[in-house]
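Q: Below you'll find the structure I mean.
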Amino acid sequence: MALTLDKNWWRQAVIYQIYPRSFKDSNGDGLGDIKGITSKIDYLSSLNVDAVWLSPFYPSALADGGYDVDDYRDVDPKLGDLADFDEMLSKLHGAGIRVFVDIVPNHSSNLHEWFKEAIAAEPGSAARNRYIFREGKGANGELPPTNWPSHFAPSAWSHESTQGGKHNQWYCHLFAPEQPDFNWDNREIEEDFLKTLKFWADRGVDGFRIDVAHALKKDLSEPLKDQERYPDLNNRKPGENILFDRDDVHEIYKEWRQLFNQYDPPRVAVAEAYVPADRLALYANPDELGQAFNFELLEANFNAHEFKTVIDRGITAAKAQGSSSTWCLNNHDQMRPATNYGLLTTVDRIRWKNSGGTTNPLDEELGLRSALAASMLIMALPGCTYIYQGEELGLFEVLDIPEDQIQDPQYLRNHKVDKGRDGCRVPLPWTKSGASFGFGTGGAHLPQPNWFAAKSVEAESGVADSPLEIFRTALALRKGLVTDEELTWHKTTDANVLHFSRPNGWHCLTNFGRNHYSFAGLGEILHSSSPLAQAGIFLIHGVQTSGNDLPPATTVWLKGPHA
Ligand code: GLC
């Protein structure tokens, strides 16, 4: 299937996120790789996705799962080479699937040539000016220059001696010490990233996911200031925080847009930016990245009111910028939704995960039903649907990874207070049995639980009510149903049921409650996330009507004559 020439292909696309090291291993070394992705193009086609987004596959020592990049313009030899990448890209394109790559501009790894040069160089040198090096405080510079916190460690500063430096400076890293932050006030950095974007765009890459897009610019004016409270973006005027979401970051993306628009069709981009909705819209401006992830559903409970609020806010914000909304329930940083929605009581998810899932009851059946219902709901919304690998299999979070096998720096660096994100990064199960459930012949780099057998692609394929087949049918139908980016809400007789339709008469009803809901007269039933009860006689508004029954935690799609 050829790629469409439509410049707006991205506005309502289905994008499948691949975490390459955990997708499919082709050479038996326990790590997923590029050839592994190529070998599964038929599978991706069977899902009817419009694009894949690859998390980083660049050379990396994996201090942060590949988000510590040694070289932005190459493939990690553990995952293949550029020829493998080109082959994968051309075969994906041949199958009508576009490709996003992940750009990590806030920081490189400590093994990047430039950082090694910087560590070996003198304070004040051009090499050090590519990063953020400063003298420490205290009589002998023995204290970090500011109180800036890191996401993975207490301080965003490490002394250069920890990296073999011979002087007495500190360098800044908002994430792990192996992820030194670039100095985006240095034009050389801006030019180098333009070169990287061009490198991938010239190869035919269609889009870019921009990692921590809101952190590149910092207030580096002397003397450096402490951050008052973290992560409070409201204690200064919006756009003037010392570390995040500064107004001047947008200059960078305006320049990137000029580059993207030199291609036909223009390259597209989506920002990962944890900022309030009104500020998020700025990144999605058509003169900048064009789209930004809306992460609000990741935080929402499976609750009609919460979902509706987030949906309305997301659509309004995207529209105001001429962008389209992005919907996701999961990614490589988040707990799996089937687990999330199965928690019967409101809990601190991090504490619960740390306990190995023992402190609060989990109803897996309800969790999975709810996750499938939520997935079919977001697929019906105007805008893009993001699916994270394994979500289509209804995978749960893996909660019992032994401590000595945990890889995530969030856990390893952060005083072990957060068990981290490995539980959603365990290699995918392809087959019911065999070495690493078909992931590869050489084991899996994170341990797979036994229950993966029943959740494998093989076990679910062809089984009508399996998560995989529910996804496949939904995504195939969605292709023919996508219509103008409008939505109309309809009143329901139960506040726990959301009902909206699209301009072409595509109706979507989701029952978030615990009671059954009766509906009738909306059109032909197309698909549902769990089996519907038989048609029967119901009382609707006091009137006996023959209708259908929408069970709890279920979404149904219908096609009627009217919106
Ligand atoms: C983003 C990535 C996350 C990574 C962090 C640092 O939030 O999604 O996985 O740890 O950036 O690069």
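Q: I'd like the Karplus ³J(HN,Hα) series for the range 119-126: coefficients 6.51, -1.76, 1.60, θ = phi - 60°, whole numbers in Hz, and an x wherever there's a Gly or Pro.
A: Karplus values, whole Hz, x for Gly and Pro: 5, 7, 8, 7, x, x, 7, 4.
Q: Would you calculate the separation in nanometres between label points at residue 533 and residue 303, each defined as 7 Å from the Cα along the Cα-to-beta-carbon direction?
A: 2.6 nm
Q: Per DSSP H run of at least 4 residues, take -39500 (n - 2.57); add these up for the chain, divide by its residues and hand me the 222 nm value, nearest 500 deg cm²/dmol.
A: Numbers: 15 runs with 142 residues, N = 563.
One gets -7500 deg cm²/dmol as the mean residue ellipticity at 222 nm.
Q: Which of 199, 532, 294 sits closest to the plus end of the dipole of the chain, meaning its Cα is farthest towards the positive end, when Lys and Arg get +1 and Asp and Glu get -1 on the C-beta?
A: 532
Q: Sticking with this structure for a sec: Show the residues, 5+ positions off or on another chain, whose built amide H is closer than 5 Å to the amide H of residue 137.
A: The list, which skips near neighbours in sequence, is 143.
Q: Rounded to the nearest 0.05, what FRET efficiency is calculated for residue 41 and residue 143 with R0 set to 51 Å and r the Cβ-Cβ distance?
A: Details: r = 53 Å, r/R0 = 1.05.
Plugging the Cβ-Cβ distance into 1/(1 + (r/R0)^6) gives 0.45.
Q: Taking only protein heavy atoms and a 1.4 Å probe, what accessible area per residue, in Å², does the range 308-365 have with all protein chains in place?
A: Values: 2490 Å² over 58 residues.
With all protein chains present, the range 308-365 gives 43 Å² per residue.
Q: Assign unit charges at the C-beta atoms only (+1 for Lys and Arg, -1 for Asp and Glu), then state the dipole size of the range 400-477 relative to its Cα centre in Debye, rounded to the nearest 20.
A: Numbers: 8 positive and 10 negative charges, 33 e Å.
Using only the charged Cβ atoms, the result is roughly 160 debye.
Q: What is the magnitude of the charge dipole of the range 111-170 about its Cα centre, with +1 placed on the Cβ of each Lys and Arg, -1 on the Cβ of each Asp and Glu, and no other charges, expressed in debye to the nearest 20?
A: On the way: 6 positive and 6 negative charges, 15 e Å.
Charge dipole, the range 111-170, about its Cα centre: 80 debye, nearest 20.
Q: Just need the relative contact order of the chain here, percent rounded to a whole number, with Cα pairs under 8 Å and 6+ apart. Let's see the in-between values first.
A: On the way: 1222 pairs, mean separation 72.2, N = 563.
The value is 13 percent.
Q: I've got another one for you. In the chain, carbon and sulfur make up what percent of the accessible area (probe 1.4 Å)?
A: Numbers: 10880 of 21330 Å².
It is 51 percent, rounded to a whole number.
Q: Next up: Calculated FRET efficiency, residue 87 and residue 222, Cβ-Cβ r, R0 56 Å, to nearest 0.05?
A: Details: r = 50 Å, r/R0 = 0.89.
It comes to 0.70.
Q: Measure nothing but the geometry: give the 0 to 90° angle between the long axis through the Cα atoms of 364-380 and the longest principal axis through the Cα atoms of the chain, rounded to 10°.
A: The angle comes out near 90 degrees.
Q: Considering only the other residues whose Cβ falls under 12 Å of the Cβ of residue 473, what net charge follows from Lys and Arg at +1 and Asp and Glu at -1? Mind dumping the intermediate values first?
A: Working: positive: 472, 478, 479; negative: 392, 465, 469.
The answer is 0.
Q: On to the next question. Positive end of the charge dipole of the chain (Lys, Arg +1 and Asp, Glu -1 on Cβ, about the Cα centre): tell me which of 304, 168, 266 has its Cα farthest that way.
A: Comparing the listed Cα positions along the dipole, 304 ranks first.
Q: Let me ask something additional. Report the extension gain between residue 465 and residue 247 in nm, rounded to one decimal, defined as 0.36 nm multiplied by the number of residues separating them, less their alpha carbon distance.
A: Computed gain between residue 465 and residue 247 is 73.6 nm.
Q: Give me the percent of DSSP beta bridges within the range 13-101 that run antiparallel, rounded to the nearest 5.
A: Working: 0 of 8 bridges.
In the range 13-101, approximately 0 percent of DSSP beta bridges are antiparallel ones.
Q: Something else about it: If you plug each phi of the range 211-218 into the Karplus form 6.51 cos²θ - 1.76 cosθ + 1.60 with θ = phi - 60°, what whole-Hz ³J(HN,Hα) values come out, in order, with x for Gly and Pro?
A: 3J(HN,Hα) across the range 211-218, in whole Hz: 6, 5, 4, 8, 10, 4, 8, 10.
Q: Select from the range 448-541 those chymotrypsin sites (Phe, Trp or Tyr not before Pro) which occupy a DSSP coil region and have at most 13 other Cβ atoms within 10 Å, ordered by residue number.
A: Sites meeting the loop and neighbour criteria: none at all.
Q: Further question: Given contacts defined as C-alpha pairs under 8 Å and at least six residues apart, what's the relative contact order of the range 1-125, whole-number percent? Let's see the in-between values first.
A: Details: 195 pairs, mean separation 34.2, N = 125.
Contact order relative to length: 27 percent.
Q: Work through the residues other than residue 324 whose Cβ is under 10 Å from its Cβ and net out their charges, Lys, Arg +1 and Asp, Glu -1. Intermediate results must be reported in sequence, preceding the final value.
A: Working: positive: 11, 319; negative: 485.
Around residue 324, the charge tally is +1.
Q: With a 1.4 Å probe and all protein chains left in place, how much accessible area per residue does the range 29-77 have, in Å²? Write out the running numbers ahead of the final one.
A: Details: 1230 Å² over 49 residues.
Solvent-accessible surface per residue comes out at 25 Å².
Q: To the nearest 20 debye, what charge dipole does the range 164-288 have about its Cα centre, counting +1 at the Cβ of each Lys and Arg and -1 at the Cβ of each Asp and Glu? Display every interim value, and only then the final one.
A: Values: 17 positive and 26 negative charges, 28 e Å.
With Lys and Arg at +1 and Asp and Glu at -1, about 140 debye.
Q: Taking amide H positions as placed 1.01 Å from N in the peptide plane, with prolines and chain starts having none, which residues 5 or more places from residue 554, or on another chain, fall under 5 Å of its amide H?
A: So residue 554 has HN proximity to 511.
Q: Something else now. Relative contact order for the range 111-170 using alpha-carbon pairs under 8 Å, separation at least 6, rounded to a whole percent?
A: On the way: 78 pairs, mean separation 18.1, N = 60.
Relative contact order comes out at 30 percent.
Q: For the chain, take the longest principal axis of its alpha carbons; what is the angle in degrees between that and the long axis of helix 82-94, to the nearest 10 within 0 to 90?
A: 20 degrees
Q: Alpha carbon centre of the range 122-162 versus the range 288-309: separation in Å?
A: Here the answer is 36 Å between Cα centres.
Q: If you don't mind, another one. If you restrict to DSSP beta bridges whose two residues both lie in the chain, what percentage is antiparallel, to the nearest 5?
A: Values: 37 of 60 bridges.
Once the DSSP bridges in the chain are tallied, antiparallel ones form about 60 percent.
Q: Could you give the accessible area per residue of the range 111-170, probe 1.4 Å, as a whole number in Å²?
A: Details: 2840 Å² over 60 residues.
Accessible surface, normalised per residue, equals 47 Å².
The values are calculated or read from the model by the stated rules, or taken from the named source; none is laboratory data. The structure displayed is predicted, hence computed values, not measured ones. Quick reminder, even Gly has a Cβ in these numbers, built from the backbone with ideal geometry, and neighbours come from all protein chains shown. For accessibility, only protein heavy atoms count, side chains too; no ligands or nucleic acids. Shrake-Rupley method; radii C 1.70, N 1.55, O 1.52, S 1.80 Å.
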